[in-house]
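Comments concern the structure below.
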Amino acid sequence: MKLILPEEKYWLSFQNGLEEMKKFPTPYDTMGIKSGLKFGNFADYKLDCENNRLGVGLKEGYVASTRLWLIEDEKFVGIFDLRHNLTDNLKKEGGNVAYYIIPSARKKGFATQGLEFCCEYANEVLGLKKVLVTCNAKNIESYKTMKKIMLKFGGYEDEAILFDDKEERRVWINTTKK
(Lines give C-alpha, C1' and ligand atoms only; values in the text may rest on other atoms or scores of the structure.)
Protein backbone atom coordinates (compact mmCIF):
# COMPACT_ATOMS: atom_id res chain seq x y z
CA MET A 1 0.00 0.00 0.00
CA LYS A 2 1.23 3.50 -0.79
CA LEU A 3 0.06 7.11 -0.68
CA ILE A 4 1.23 9.02 -3.75
CA LEU A 5 0.71 12.13 -5.80
CA PRO A 6 -1.69 11.28 -8.65
CA GLU A 7 -0.07 9.31 -11.47
CA GLU A 8 -1.45 8.76 -14.94
CA LYS A 9 -1.03 4.99 -14.76
CA TYR A 10 -3.79 4.94 -12.09
CA TRP A 11 -6.14 7.30 -13.94
CA LEU A 12 -8.49 4.54 -15.15
CA SER A 13 -8.61 3.04 -11.66
CA PHE A 14 -9.38 6.50 -10.26
CA GLN A 15 -12.18 6.90 -12.81
CA ASN A 16 -13.58 3.53 -11.73
CA GLY A 17 -13.47 4.78 -8.13
CA LEU A 18 -15.45 7.86 -9.16
CA GLU A 19 -18.09 5.67 -10.80
CA GLU A 20 -18.33 3.58 -7.65
CA MET A 21 -18.65 6.74 -5.56
CA LYS A 22 -21.51 7.98 -7.75
CA LYS A 23 -23.37 4.67 -7.27
CA PHE A 24 -22.89 4.67 -3.48
CA PRO A 25 -22.69 8.31 -2.35
CA THR A 26 -22.35 9.25 1.29
CA PRO A 27 -22.98 12.61 2.93
CA TYR A 28 -19.27 12.69 3.81
CA ASP A 29 -17.72 12.66 0.32
CA THR A 30 -14.71 14.97 0.10
CA MET A 31 -14.11 17.61 -2.52
CA GLY A 32 -10.94 15.79 -3.55
CA ILE A 33 -12.80 12.92 -5.13
CA LYS A 34 -15.78 14.96 -6.27
CA SER A 35 -13.44 17.33 -8.10
CA GLY A 36 -12.33 14.45 -10.31
CA LEU A 37 -15.79 14.28 -11.82
CA LYS A 38 -15.23 17.49 -13.79
CA PHE A 39 -12.07 16.34 -15.58
CA GLY A 40 -12.09 14.35 -18.80
CA ASN A 41 -8.38 13.63 -18.85
CA PHE A 42 -5.47 13.14 -16.52
CA ALA A 43 -3.46 16.16 -17.75
CA ASP A 44 -6.20 18.61 -16.73
CA TYR A 45 -6.75 16.85 -13.41
CA LYS A 46 -3.01 16.83 -12.64
CA LEU A 47 -2.76 20.55 -13.48
CA ASP A 48 -5.61 21.25 -11.06
CA CYS A 49 -3.83 19.18 -8.37
CA GLU A 50 -0.59 21.09 -8.93
CA ASN A 51 -2.34 24.46 -8.85
CA ASN A 52 -4.00 23.50 -5.56
CA ARG A 53 -0.68 22.30 -4.14
CA LEU A 54 1.04 25.56 -5.13
CA GLY A 55 -1.90 27.75 -4.08
CA VAL A 56 -2.43 29.04 -7.63
CA GLY A 57 -5.89 30.32 -8.59
CA LEU A 58 -7.59 29.28 -5.37
CA LYS A 59 -11.10 30.47 -4.59
CA GLU A 60 -11.36 33.03 -1.82
CA GLY A 61 -11.10 31.38 1.58
CA TYR A 62 -9.37 28.26 0.22
CA VAL A 63 -5.84 27.19 1.19
CA ALA A 64 -3.15 25.27 -0.66
CA SER A 65 -3.62 21.51 -0.45
CA THR A 66 -1.92 18.39 -1.69
CA ARG A 67 -4.11 15.68 -3.18
CA LEU A 68 -2.80 12.17 -2.58
CA TRP A 69 -4.04 8.83 -3.88
CA LEU A 70 -4.05 5.67 -1.77
CA ILE A 71 -3.02 2.72 -3.93
CA GLU A 72 -3.33 -0.98 -3.00
CA ASP A 73 -2.26 -3.75 -5.39
CA GLU A 74 -1.87 -1.16 -8.18
CA LYS A 75 -5.48 0.00 -7.73
CA PHE A 76 -6.89 3.32 -6.51
CA VAL A 77 -8.73 2.79 -3.22
CA GLY A 78 -8.91 6.28 -1.72
CA ILE A 79 -7.97 9.92 -1.75
CA PHE A 80 -6.52 12.20 0.90
CA ASP A 81 -6.54 15.99 0.65
CA LEU A 82 -3.91 17.51 2.92
CA ARG A 83 -4.40 21.22 3.55
CA HIS A 84 -1.15 23.06 4.19
CA ASN A 85 -2.60 25.48 6.74
CA LEU A 86 -5.86 26.28 8.47
CA THR A 87 -8.31 29.16 8.27
CA ASP A 88 -10.63 29.93 11.18
CA ASN A 89 -13.39 27.96 9.43
CA LEU A 90 -11.12 24.95 8.76
CA LYS A 91 -10.28 24.91 12.47
CA LYS A 92 -13.99 24.27 13.09
CA GLU A 93 -14.83 22.01 10.15
CA GLY A 94 -12.56 20.40 7.61
CA GLY A 95 -9.20 20.54 9.34
CA ASN A 96 -5.98 19.68 7.55
CA VAL A 97 -7.05 16.28 6.25
CA ALA A 98 -10.09 15.18 4.29
CA TYR A 99 -10.29 11.65 2.93
CA TYR A 100 -12.52 9.26 1.04
CA ILE A 101 -12.23 5.50 0.64
CA ILE A 102 -14.14 3.93 -2.27
CA PRO A 103 -17.13 1.86 -1.11
CA SER A 104 -15.67 -1.54 -2.10
CA ALA A 105 -12.53 -0.84 -0.03
CA ARG A 106 -14.24 0.28 3.18
CA LYS A 107 -13.91 -1.51 6.53
CA LYS A 108 -10.60 -3.06 5.46
CA GLY A 109 -8.22 -0.70 7.27
CA PHE A 110 -7.44 1.54 4.29
CA ALA A 111 -8.59 4.75 5.98
CA THR A 112 -6.44 4.01 9.02
CA GLN A 113 -3.34 3.16 6.99
CA GLY A 114 -3.92 6.10 4.63
CA LEU A 115 -4.31 8.56 7.50
CA GLU A 116 -1.10 7.25 9.03
CA PHE A 117 0.71 7.76 5.69
CA CYS A 118 -0.87 11.22 5.39
CA CYS A 119 0.44 12.26 8.82
CA GLU A 120 3.93 11.09 7.85
CA TYR A 121 3.70 13.01 4.55
CA ALA A 122 2.55 16.14 6.41
CA ASN A 123 5.64 15.92 8.60
CA GLU A 124 8.24 14.89 6.02
CA VAL A 125 7.12 17.03 3.07
CA LEU A 126 5.23 19.97 4.57
CA GLY A 127 6.98 20.19 7.93
CA LEU A 128 3.70 20.13 9.86
CA LYS A 129 4.11 18.92 13.44
CA LYS A 130 0.41 18.18 13.92
CA VAL A 131 -2.72 18.02 11.80
CA LEU A 132 -6.36 18.59 12.59
CA VAL A 133 -8.82 15.98 11.38
CA THR A 134 -12.54 16.64 11.76
CA CYS A 135 -15.69 14.69 11.05
CA ASN A 136 -19.40 14.91 11.50
CA ALA A 137 -20.27 13.38 14.88
CA LYS A 138 -22.56 10.92 13.08
CA ASN A 139 -19.65 9.57 11.03
CA ILE A 140 -18.62 7.01 13.65
CA GLU A 141 -16.21 5.07 11.41
CA SER A 142 -14.22 8.19 10.57
CA TYR A 143 -14.15 9.19 14.22
CA LYS A 144 -12.78 5.76 15.20
CA THR A 145 -10.08 6.10 12.52
CA MET A 146 -9.04 9.54 13.75
CA LYS A 147 -8.85 8.36 17.36
CA LYS A 148 -6.87 5.24 16.45
CA ILE A 149 -4.18 7.28 14.69
CA MET A 150 -4.19 9.88 17.49
CA LEU A 151 -3.48 7.13 20.01
CA LYS A 152 -0.66 5.77 17.85
CA PHE A 153 0.97 9.14 17.05
CA GLY A 154 -0.09 11.20 20.04
CA GLY A 155 -2.27 14.26 20.09
CA TYR A 156 -5.53 15.25 21.68
CA GLU A 157 -9.21 15.61 21.03
CA ASP A 158 -10.63 19.12 21.04
CA GLU A 159 -14.10 19.80 22.28
CA ALA A 160 -16.74 18.99 19.67
CA ILE A 161 -18.40 22.10 18.27
CA LEU A 162 -21.62 22.94 16.51
CA PHE A 163 -20.91 24.20 12.98
CA ASP A 164 -23.70 24.90 10.48
CA ASP A 165 -26.15 23.12 12.80
CA LYS A 166 -24.14 19.89 12.91
CA GLU A 167 -21.78 18.59 15.55
CA GLU A 168 -18.15 18.32 14.47
CA ARG A 169 -15.60 16.16 16.25
CA ARG A 170 -12.04 17.53 16.08
CA VAL A 171 -8.87 15.54 16.72
CA TRP A 172 -5.34 16.94 16.61
CA ILE A 173 -2.80 14.28 15.60
CA ASN A 174 0.97 14.58 15.91
CA THR A 175 2.70 13.79 12.64
CA THR A 176 5.39 11.54 14.11
CA LYS A 177 4.75 8.29 15.95
CA LYS A 178 5.24 8.16 19.72
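Which residue, chosen from 127, 105, 69, occupies the Cα position most advanced towards the positive end of the dipole of region 60-138, where the dipole is computed from +1 (Lys, Arg) and -1 (Asp, Glu) charges on Cβ about the Cα centre?
The one lying farthest along the dipole's positive direction is 105.
Around residue 161, under 11 Å between beta carbons, what's the net of Lys plus Arg minus Asp minus Glu among the other residues?
The answer is -1.
Quick one: plug the Kirkwood hydrodynamic radius of the chain (C-alpha pairs) into Stokes-Einstein at 25 °C, 0.890 mPa s, and report D in µm²/s.
Translational D for this selection: 150 µm²/s.
Tell me the Rg and the Dmax, in Å, that the Cα atoms of region 76-178 produce.
My reading of the Cα-based Rg and Dmax gives 12.7, 36 Å.
Scanning the chain for GluC sites (Glu not before Pro) in DSSP loops with at most 12 other Cβ atoms within 10 Å, what's the longest stretch left with none?
Result, exposed sites excluded: 75-178.
Keeping all protein chains in place, calculate the accessible area per residue for region 58-175 (probe 1.4 angstrom), answer in Å². If you can, show how the numbers build up before the last one.
On the way: 5620 Å² over 118 residues.
That works out to 48 Å² per residue.
Regarding region 139-178, what are the three Cα extents along the principal axes, ordered largest first, in Å?
35, 18, 11
Lys and Arg at +1, Asp and Glu at -1: add these up for the other residues within a Cβ distance under 13 Å of residue 172 and post the number. Before the final figure, lay out each step's value.
Details: positive: 91, 129, 130, 147, 169, 170; negative: 157, 158, 159.
Counting the neighbours of residue 172, the net charge comes to +3.
What is the gain in length, in nm to one decimal, between residue 58 and residue 86 on full extension, counting 0.36 nm per residue of separation less the C-alpha to C-alpha distance? Walk me through the numbers before you get to the answer.
On the way: separation 28, 0.36 × 28 = 10.08 nm, distance 1.43 nm.
Contour length minus the Cα-Cα distance gives 8.7 nm.
How big is the antiparallel share of DSSP beta bridges in the chain, given as a percent to the nearest 5?
95
In square nanometres and to one decimal, what's the mean projected area of the convex hull around the Cα atoms of region 43-121?
6.1
Please work out the FRET efficiency for the pair residue 38 and residue 151, using the Cβ-Cβ distance as r and a Förster radius of 41 Å; give the result to the nearest 0.05.
E between residue 38 and residue 151, to the nearest 0.05, is 0.65.
Based on Cβ point charges of +1 for Lys and Arg and -1 for Asp and Glu, what charge dipole magnitude is obtained for the chain about its Cα centre, in debye rounded to the nearest 20?
So the magnitude is around 480 debye.
Would you mind checking the pairs 22/107; 59/144; 38/178 and listing those with alpha carbons more than 30 angstrom apart?
Violating the 30 Å limit, Cα to Cα: 59/144; 38/178.
Give the angle, between 0 and 90 degrees and rounded to the nearest 10, that separates the Cα long axis of helix 110-124 from the longest principal axis of the Cα atoms of the chain.
With rounding to tens, the tilt is 80 degrees.
Would you work out which of 96, 6, 145 lies farthest towards the positive end of the dipole of the chain? Charges go on Cβ: Lys and Arg +1, Asp and Glu -1.
It is 145.
Using only Cα atoms, find the angle between the long axis of helix 42-54 and the longest principal axis of the chain, and express it within 0 to 90 degrees, rounded to the nearest 10.
Compared with the principal axis, the helix lies near 30 degrees.
Between residue 162 and residue 2, what is the spin-label point distance in nm, taking each point 7 Å from the Cα along the Cα→C-beta axis?
It works out to 4.7 nm between the two label points.
Region 135-178 to region 103-133: how many Å between their Cα centroids?
That distance is 13 Å.
Run a plain Debye calculation on region 62-101 (Cα atoms as equal point scatterers, no solvent) and give log10 I(q)/I(0) at q = 0.24, 0.25, 0.29 Å⁻¹, rounded to two decimals, same order as the q list.
-0.74, -0.77, -0.91
The values are calculated or read from the model by the stated rules, or taken from the named source; none is laboratory data. A quick note: this is a predicted structure, and the numbers were derived from the prediction, not measured. Quick reminder, even Gly has a Cβ in these numbers, built from the backbone with ideal geometry, and neighbours come from all protein chains shown. For the accessible areas, the whole protein counts, side chains as well, though only heavy atoms, and no ligand, DNA or RNA atoms are used. Shrake-Rupley method; radii C 1.70, N 1.55, O 1.52, S 1.80 Å.
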